[in-house]
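Colleague: Got a structure for you, questions after.
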Amino acid sequence: MSAHVFWAPGRVNLIGEFTDLAGGPVLPAALDLGVRIEAEAAETIDLCSRELGGRARLTPDGSQLGDESEGWTRYVAAVATELALLGRPDVGLEGEISSTLPIGAGLSSSAALEVAAGLALCSVADFPLEPLELAQAARRAEHRAVGVPCGILDQAASLLGRAGNAVLLETGSLAYEYVPLPEGMALVIIDSGVSRRLESSGYGTRQEEVGRALAAFVDRDPLDITLPEIDAKEAGGGLDSVAARRLRHVVSEGERVHEVARLLGDPTEANLRRLGEVFAAGHESVRSDWEASTPELDRLVELACEKGAVAARMTGGGFGGSIVALTWVGEAADLADSVTDAFAGHGDSPIMAYVCRASDGAAQIS
Ligand code: GLA
């Protein structure tokens, strides 16, 4: 048996934040940062990682053999369990994990780990899954590992990514199409240094609140609910104001996703100006209606716009993490430098900027 290499990227969501909690559209791109696993078939699962620290020692169906049941090993265990439930034969995996993704930056380091582990486990057991089947198993693994009721965004983006493109994914039907990014567009990601962990953030509370709002619209497809209907239901006492605001964000954000996809497809000067406005409206909606921004993210978005970004907004699960700014390749490094210099960080760790390209999704690379 010889070792194989598996790669799964992190993602940046251009727009469509938290919409996957109600089956709405998202528009992520896979990054050129990610998780790499070099491993071969074995009797048990035995994976170590210098960067992440620790070692996962598990039965092929995900039961712990060692005493490490914290940290990243939980994700690997949960993926193995989910795949076993789908019928994956009992084949182990021995090797090493490495990662270029910052942890806690909101760039889906856990989803990339789940997807890379899932690909490797499927490959050594000759148990192929369609990308979206694997994405769904990896999403269930996230729930199992840390109890977070996340949507499908991160895992699907890691698997479906395509170089030079964003993925317009309807998270209800799972229909998707590619949206080519304008020639020469770069993705500048700036990590506020305020570390986020979905487990301890208000993510779960927000999901309950939007669930409460959807329950007030019995028998309605969430994608058909309109803003005037939310206003009317709130005014009539059928919806509390918190739930109304959460749903307002999801509904308005869904409209912004489709508008951004259209604007990216026809990047005239006027459309790029409009792109900036739509991103700004998206950020404001996360800040005021969804209430998941932070002063650091607000300031970074403001600075990115001041320093010439085409568009900028917070990205990912909120309550810390990163912003995404769209700019041109020739200006990306300057933008990253000028924003980081101007920002007086209050984060847990120093502010970091990454100039990324939209990249291909997860794959076995050798
Ligand atoms: C996290 C979740 C995703 C999605 C985003 C917000 O990344 O894992 O499913 O809800 O937050 O858009």
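The values are calculated or read from the model by the stated rules, or taken from the named source; none is laboratory data. Bear in mind that the values here come from a model prediction, so they are computed numbers and not experimental data. In this analysis, Cβ positions are derived from the backbone assuming ideal geometry, glycine residues included, and neighbour counts consider all displayed protein chains. These accessible areas exclude ligands, DNA and RNA; they are computed on the full protein's heavy atoms, side chains included. Shrake-Rupley method; radii C 1.70, N 1.55, O 1.52, S 1.80 Å.
Colleague: Residues that are closer than 30 Å to residue 282 by Cα and out of contact with any Lys or Arg (no Cβ under 8 Å at 6 or more places or on another chain): does the range 34-52 have at least one?
Modeller: Looking for residues that are closer than 30 Å to residue 282 by Cα and out of contact with any Lys or Arg (no Cβ under 8 Å at 6 or more places or on another chain), one finds at least one in the range 34-52, hence yes.
Colleague: Going by what's in this entry, would residue 337 be described as open to solvent by 50 Å² or more (accessible area, probe 1.4 Å), at pLDDT 95 or above and more than 17 Å from residue 189 (Cβ to Cβ)?
Modeller: So residue 337 does not fit the description; no.
Colleague: Name the single residue, out of those in the range 80-107 being among the hydrophobic types (A, V, I, L, M, F, W, C) and more than 30 Å from residue 27 (Cβ to Cβ), that is surrounded by the fewest Cβ atoms within 10 Å (Cβ to Cβ).
Modeller: The residue in question is 85.
Colleague: Which condition breaks for residue 341 when tested against (1) in contact (Cβ under 8 Å) with a residue 24 or more places away in the chain; (2) part of a helix (DSSP H, G or I)?
Modeller: Tallying (1) in contact (Cβ under 8 Å) with a residue 24 or more places away in the chain; (2) part of a helix (DSSP H, G or I), residue 341 fails exactly one: (1).
Colleague: Condition test on residue 122, is it outside any strand (DSSP E or B) and touching a residue at least 60 places away in the same chain (Cβ under 8 Å)?
Modeller: In short, no.
Colleague: Among the candidates 320, 282, which residue alone is under 11 Å from residue 194 (Cβ atoms) and touching an Asp or Glu at 6+ places or on another chain (Cβ under 9 Å)?
Modeller: Going through 320, 282 in turn, just one is under 11 Å from residue 194 (Cβ atoms) and touching an Asp or Glu at 6+ places or on another chain (Cβ under 9 Å): 320.
Colleague: May I ask you to verify whether residue 155 is open to solvent by 10 Å² or more (accessible area, probe 1.4 Å) and of a type outside the set (Phe, Trp, Tyr)?
Modeller: no
Colleague: Name, by its number, the condition in (1) open to solvent by 10 Å² or more (accessible area, probe 1.4 Å); (2) in contact with a helix residue (DSSP H, G or I) (Cβ under 9 Å, 6 or more places away or on another chain); (3) modelled with pLDDT of 95 or more; (4) among the charged types (D, E, K, R) that does not hold for residue 17.
Modeller: Against the list (1) open to solvent by 10 Å² or more (accessible area, probe 1.4 Å); (2) in contact with a helix residue (DSSP H, G or I) (Cβ under 9 Å, 6 or more places away or on another chain); (3) modelled with pLDDT of 95 or more; (4) among the charged types (D, E, K, R), residue 17 comes up short only on (1).
Colleague: Right, another one. Taking strands (runs of 3 or more DSSP E) that fall entirely within the range 1-74, which contain at least 2 residues that are within 16 Å of the ligand (Cβ to nearest atom)?
Modeller: 4-15, 25-42
Here is a yes/no grid of residues against (1) within 16 Å of residue 19 (Cβ to Cβ); (2) crowded, with 21+ Cβ neighbours inside 10 Å; (3) within 14 Å of the ligand (Cβ to nearest atom):
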position: 142; (1), (2), (3): no, yes, yes
position: 146; (1), (2), (3): no, no, yes
position: 165; (1), (2), (3): no, no, no
position: 180; (1), (2), (3): no, no, no
position: 187; (1), (2), (3): no, yes, no
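Colleague: If you go through the range 59-79, how many residues are loosely packed, with under 14 Cβ neighbours inside 10 Å and of a type in the set (Phe, Trp, Tyr)?
Modeller: 0
Colleague: Can you say whether residue 201 is of a type outside the set (Phe, Trp, Tyr), modelled with pLDDT under 95, open to solvent by 10 Å² or more (accessible area, probe 1.4 Å) and within 11 Å of the ligand (Cβ to nearest atom), as far as the supplied structure shows? Quick ask: steps written out before the conclusion?
Modeller: Numbers: of a type outside the set (Phe, Trp, Tyr): yes; modelled with pLDDT under 95: yes; open to solvent by 10 Å² or more (accessible area, probe 1.4 Å): yes; within 11 Å of the ligand (Cβ to nearest atom): yes.
So residue 201 fits the description; yes.
Colleague: May I pose another question? Could we say that residue 359 is within 23 Å of the chain's Cα centre (by Cα) and either under 27 Å from residue 109 (Cβ atoms) or open to solvent by less than 10 Å² (accessible area, probe 1.4 Å) (or both) here? Outline the logic, then answer.
Modeller: Values: within 23 Å of the chain's Cα centre (by Cα): yes; either under 27 Å from residue 109 (Cβ atoms) or open to solvent by less than 10 Å² (accessible area, probe 1.4 Å) (or both): yes.
Here the answer is yes, as residue 359 does meet what is asked.
Colleague: In the range 111-129, is there at least one residue being farther than 30 Å from residue 255 by Cβ, within 15 Å of the ligand (Cβ to nearest atom) and out of contact with any His (no Cβ under 9 Å at 6 or more places or on another chain)?
Modeller: yes
Colleague: How many residues, within the range 279-300, are of a type outside the set (D, E, K, R), open to solvent by less than 40 Å² (accessible area, probe 1.4 Å) and away from the ligand (no atom under 16 Å from the Cβ)?
Modeller: 1
Colleague: Counting residues that are free of Cβ contacts under 8 Å to residues at least 24 places away in the same chain, which helices (runs of 4 or more DSSP H) fully inside the range 142-253 reach at least 3?
Modeller: Ranges flagged: 203-215, 227-235.
Colleague: So is residue 281 in contact (Cβ under 8 Å) with a residue 12 or more places away in the chain and more than 28 Å from residue 147 (Cβ to Cβ) or not?
Modeller: It is true that residue 281 is in contact (Cβ under 8 Å) with a residue 12 or more places away in the chain and more than 28 Å from residue 147 (Cβ to Cβ).
Colleague: Name every residue in the range 127-146 that is over 19 Å from residue 56 (Cβ atoms) and among the small types (Gly, Ala, Ser), in order of residue number.
Modeller: 135, the sole residue that qualifies.
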